[in-house]
Amino acid sequence: MIGTLTALLLSCAPLHVAPQEPQDPLSAVARTALAADATAADQAIARLRAAGPAGLQAFLAEHRDLAAATAAADGPLTAAQQRCSAAMDRIGAQRDNRFAQLYWFTDFDAAQAEAKRTGRPILSLHLLGRLDEELSCANSRFFRMALYANAQVGALLRERFVLHWQSVRPAPKVTVDYGDGRKLETTITGNSIHYVLTASGAIVDALPGLYGPGTFTRELAEAAAFAQHVGAAGAGMPMSRHWHAAALRAAAAAGAARIFAPVPAPVDGPAPAAAVAAERAVSKGVVEAPMLRGMFGASVKESLRLTPVSGDQLDASSRRMFATKCVPEVRSATAQLAAAVTRFEMSMATDTALNQALRASILGRLLAEPVDLPMLDQWVYSALFLTPANDPWLGLLEPNGFTGIENGGVRR
């Protein structure tokens, strides 16, 4: 009787279910991001983008093997890899993000909120065009390949910064139509700059133009440490002035000022020619020189070439991305590809030295008087990059020149 009663009670008792770990809702969203249903995938990608850096991390965790294979692919991507690459681009707001796997804010207020939450400084990229488009300005394209795809740089950016980018103005594009079905398309003129900011928006440092990855990492690591110290200590301008003075001395000690002494142009003065602006960035000048010569007969200086210091060469990831951007004739020829990489590394080494001089000019400006980011950015683009906001044509239009084309070739 007792056994019967016990059995009856047990049959009525609720079954014990082992507790389960709560499921991360972003994981489910990340799984849907590569779904066959295009509408569902699109909505999932938008939700991951809105979730901030955690959204990208959820995607990478959910699709770890596919993301790794997509980043390591040397040849054409499979259909699955193409979908994975496109999703990473949209979630992170960066073109070719399969190599970098970074998350960039495009809203500064949101970046500031994240910086305050995490205690990290902001790295704010200002560029012509958009970082999530193929044809942003040349230097920003080089950043994606030589810097963001670099394993050491990428780790530093992910772990110690809140990333933000904003477009200063659209990037001018040039298309040469050969009339036989072939077209040559590129951007022309323009430059980019990375600003290191505290969570409150105070300017700690500025790295104009392209740097070698080793130098870029060292400069950013030092700036990040100082920015975090300032934020934690609540220190203000006096400490920042000491930092700017020390950074200025370091740039001068590197010998950059002896190579190139920039002479700031008046902000409201006559617009400089695009060829002159191109000389302020050797790597992109090499790209733009043939187009500028064809348009204006301009001569872009290529005589100064320096050898990259240790750590400023392209790493394996950057070399893979470099190869994907080359024409097939270069990509398929080992010797030609190696020669193209060497040439780029030499121009990048020269840019590193020249840009340290431009950086010294910016640090000197910060020491001379208090300026906020919009004021400094306007000065940098006008006086140092020679692409002032008051010239809508960025030095590419010669009003007194004759082309023989209706309205000088201008279309509005």
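The values are calculated or read from the model by the stated rules, or taken from the named source; none is laboratory data. Here the structure is a predicted model, which is why all the values come from computation and not from measurement. Cβ: placed from backbone, ideal geometry, glycine included. Neighbour counts: every protein chain shown.
Summary table below
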| read-out | value |
| --- | --- |
| Which listed residue, of S85, S11, is out of contact with any Phe, Trp or Tyr (no Cβ under 7 Å at 6 or more places or on another chain), at pLDDT 95 or above, outside the structural domain of R160 (by TED's automatic domain parsing) and in a helix (DSSP H, G or I) | S85 |
| Residue identified as among the acidic types (D, E), at pLDDT 90 or above and part of a loop (DSSP other than H, G, I, E, B) among D312, D268 | D312 |
| Failed criterion for D377 (all others in (1) touching a His at 6+ places or on another chain (Cβ under 7 Å); (2) modelled with pLDDT under 90 hold) | (2) |
| Residues satisfying the stated conditions in the stretch 360-373, i.e. modelled with pLDDT under 90 and of a type in the set (D, E, K, R) | R365, E369 |
| Qualifying positions in the stretch 325-346 - at pLDDT 90 or above and crowded, with 16+ Cβ neighbours inside 10 Å | L337, A340, V341, F344, E345, M346 |
| Yes/no for L396 being within 13 Å of A206 (Cβ to Cβ) and in contact with a helix residue (DSSP H, G or I) (Cβ under 6 Å, 6 or more places away or on another chain) | no |
| Considering residues of the stretch 351-409 that are of a type in the set (D, E) and in a loop (DSSP other than H, G, I, E, B) only, the residue surrounded by the fewest Cβ atoms within 10 Å (Cβ to Cβ) | E369 |
| Hits in the stretch 65-82 - residues which are assigned to a helix (DSSP H, G or I) and either polar (S, T, N, Q) or in contact with a Pro (Cβ under 7 Å, 6 or more places away or on another chain) (or both) | T70, Q81, Q82 |
| The listed residue being in contact (Cβ under 8 Å) with a residue 24 or more places away in the chain, surrounded by fewer than 17 Cβ atoms within 10 Å (Cβ to Cβ) and within 18 Å of the chain's Cα centre (by Cα), out of A151, A146, A111 | A151 |
| Matching option when the condition is within 21 Å of A33 (Cβ to Cβ) and part of a strand (DSSP E or B), among L163, L123, L131 | L163 |
| In the stretch 27-59, the residues that are surrounded by fewer than 20 Cβ atoms within 10 Å (Cβ to Cβ), in contact (Cβ under 8 Å) with a residue 24 or more places away in the chain and farther than 21 Å from L163 by Cα | S27, R31, L34, A41 |
| Some residue of the stretch 292-306 being assigned to a helix (DSSP H, G or I) and at pLDDT 55 or above | no |
| Test: L157 is outside any strand (DSSP E or B), out of contact with any Leu (no Cβ under 9 Å at 6 or more places or on another chain) and among the aliphatic types (A, V, I, L, M) | no |
| Close pairs from the stretch 345-360: first closer than 17 Å to T307 by Cβ and in the same structural domain as S310 (by TED's automatic domain parsing), partner at pLDDT 90 or above and of a type in the set (V, I, T), Cβ under 9 Å, at least 6 apart | T352/T215; Q356/T215 |
| Within the stretch 60-72, tally of residues that are under 18 Å from A316 (Cα atoms) and either in contact (Cβ under 8 Å) with a residue 60 or more places away in the chain or surrounded by fewer than 17 Cβ atoms within 10 Å (Cβ to Cβ) (or both) | 4 |
| The stretch 177-197, residues that are in contact with a helix residue (DSSP H, G or I) (Cβ under 9 Å, 6 or more places away or on another chain) and free of Cβ contacts under 8 Å to residues at least 12 places away in the same chain | L184 |
| Hits in the stretch 91-108 - residues which are assigned to a helix (DSSP H, G or I), of a type outside the set (A, V, I, L, M) and buried (at least 18 other Cβ atoms within 10 Å of the Cβ) | G92, N97, R98, F99 |
